[in-house]
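Contents: one structure, followed by commentary.
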Amino acid sequence: MDMVSRDDIDLDFPRSLAERTVQRYAKAMSAVDAEMAAGLFASDAVRIDPIGGDVCRGRKEILAAFRQALPSPPARVSFVAGSLHGRGNRFAFEFKHTVTGVGPEKSLYGIDVFTFDRDGLIEKVEAYWGDDDWREE
């Protein structure tokens, strides 16, 4: 098991920077903008989405994964991030990712855990969701 110790967390990291990055991430996901979303990641970031699934290493792989996963028009996306919970440069938040415009409206409910670098870029994402978390609305 991957344990996080106090030494792994930057306790001086400003919460406001994490909040801004998460807001920008939600905006990029809602805009179905893979480039904008990938641009929020550090060049050597790791994305595990979902936990137990594929691991993307580096911004280039993350961009390719976003391009593959995000729907094409006429689909529309709404990504809503809930309140941040955490400390230092590591925060978790609930999200609701809704897709409309192609078949029945469906929403994915899950939890993302982000670790940020000093510049506010995402170093690591651990996404917690499973197939049962997709729901028709």
**Item:** Computed over segment 12-131: relative contact order in percent, which uses C-alpha pairs under 8 Å that are six or more apart
**Value:** 28
**Request:** Multiply the residue separation of R76 and V102 by 0.36 nm, subtract the distance between their alpha-carbon atoms, and state the gained length in nm to one decimal.
**Result:** 8.5 nm
**Request:** List the residues of segment 78-121 whose backbone N lies under 14 Å from a point placed 7 Å from the Cα of R20 along the Cα-to-Cβ direction.
**Result:** 117-121
**Request:** Would you mind working out the magnitude of the charge dipole of the chain relative to its Cα centre, with +1 at each Lys and Arg C-beta and -1 at each Asp and Glu C-beta, to the nearest 20 Debye?
**Result:** 400
**Complete:** Whole-Å distance linking the alpha carbon centroid of segment 107-137 with that of segment 41-98 is 5
**Message:** Compute a Gaussian network model of the chain, connecting alpha carbons closer than 10 Å, and tell me which residue from P50, P14, P74 fluctuates the most.
**Reply:** P74
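Values in this text are rule-based calculations from the coordinates and carry no lab data. Owing to the predicted nature of the structure, the values given are computational and were not obtained by experimental measurement. Neighbour counts run over all protein chains shown; Cβ positions are idealised from the backbone, glycine included.
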